[in-house]
Structure formats: C-alpha cells, structure tokens
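Novice: The structure under discussion is supplied below as structure tokens; questions concerning it will follow.
Derivation of every value follows stated rules applied to the coordinates shown; laboratory data play no part. Only a predicted model underlies this, so the values are computations on that prediction, with no experimental measurement involved. Neighbour counts are summed over all protein chains in view; Cβ atoms, including those assigned to glycine, are modelled from backbone coordinates with ideal geometry.
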Amino acid sequence: MEPDWTRLGAELKAARDARSYTQAAVAEMIGVKRGTMRNIENGDIARVTPTVRAYARAVGWDDSSVDAVLAGGTPTQAADQGAGARDIAAAENLAAVEPPEELPLRIQAALREGPLIDTAVINLPGDDDGPEGQMVVIVKGRNGATPEQLKRALLRWEEAEVKLRRTDSTNTTDHD
C-alpha cells in the first residue's frame, strides 16, 4: 500500500484546527516557513521528515501516529503532552505579556529577550498526596537566531525536558 500523503496532510490540518492553532503559529514553533506547512497539509511531500514529525508532535500526536495515518490508520494522542503538544496560543500570549514585577530583575530581563520557543509546567516529585510543587519553565531563543538555530534549541530543550520529567513517572503536567 502506497503512503497516503494527502490523507496525512488533511489529518494534520484537522488536528491543528481542532487546537485552534494557525499555520503561522505551528510553523514558528517548529522552525519552518508557512509554505512548508502548506506543502505538508496539501500532501505535497514524498517522505517523512523531521519537520513532519515535529508538526505531528506540535498537534499532540504520539511518535507512531504519522506512520499509522500513512498506512490508513488513525493518529493517537501522546500520553505525555510533551514538547510538541504545547498550547501555542497561550505561549504566544505569554510572549506579549510584561513579566510580573515580583520576579527578580534578571528573570524579567531574560523574559523580554529572544523569541519564545516553548513552555512547560512540571510537577515536582511528592508523596501519596501529590506533587510537592511545580516548576515553570520558559524556553527562549537567542535574539536574531535563525530558524535552524531555533529548531536546534527546541531539540535541545526536548532532550532536557525528558531528563527533567524522569524524576516523576506519574507526572500529569500541563503546558502553556
């Protein structure tokens, strides 16, 4: 059976629309141009690339969903809403908000610099009563970074996030 690229594109677009994400927002998140997004959604691709997989993660699919859809199956939502399944609209709003004054000045300054790459709320390990607290992570890119540099920064963050989450296997975090 030949891979159904048009179906994959339509499923990705439907998942993006279901989350109320714009093409531009997802394109920025995964570090590509809108034309690339349009090509993927129209099925004008001939192989599964890291960009296609990043798009799938961005709309909350698990890692096997792209291959499943290409084979005629259905996508599966990721059990852990990891780095690719962020609420992009909330992240965009965060980028436009002035940092709270109660934060240290160095944190306020860092929040004003560079493009927003990602955010996460990670539960701190606790006991039977739940987590002891939460860690809020805001990942920013360098000012003037190229899309490729931002993509590498996102990949490095995804690797670091996996290590952070290993401390609590029952983690039920939300992402902003």
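Novice: Which far-off residues, 5 or more places away or on another chain, put their amide H under 5 Å from the one on ASP62, with H placed in the peptide plane?
Specialist: THR76, GLN77, ALA78
Novice: Sorted by mean Cβ packing within 10 Å, highest first, what order do the peptides 121-129, 35-43, 52-60 take? Walk me through the intermediate numbers first.
Specialist: Values: 121-129: 11.6, 35-43: 17.6, 52-60: 22.4.
The densest-packed peptide leads the list: 52-60, 35-43, 121-129.
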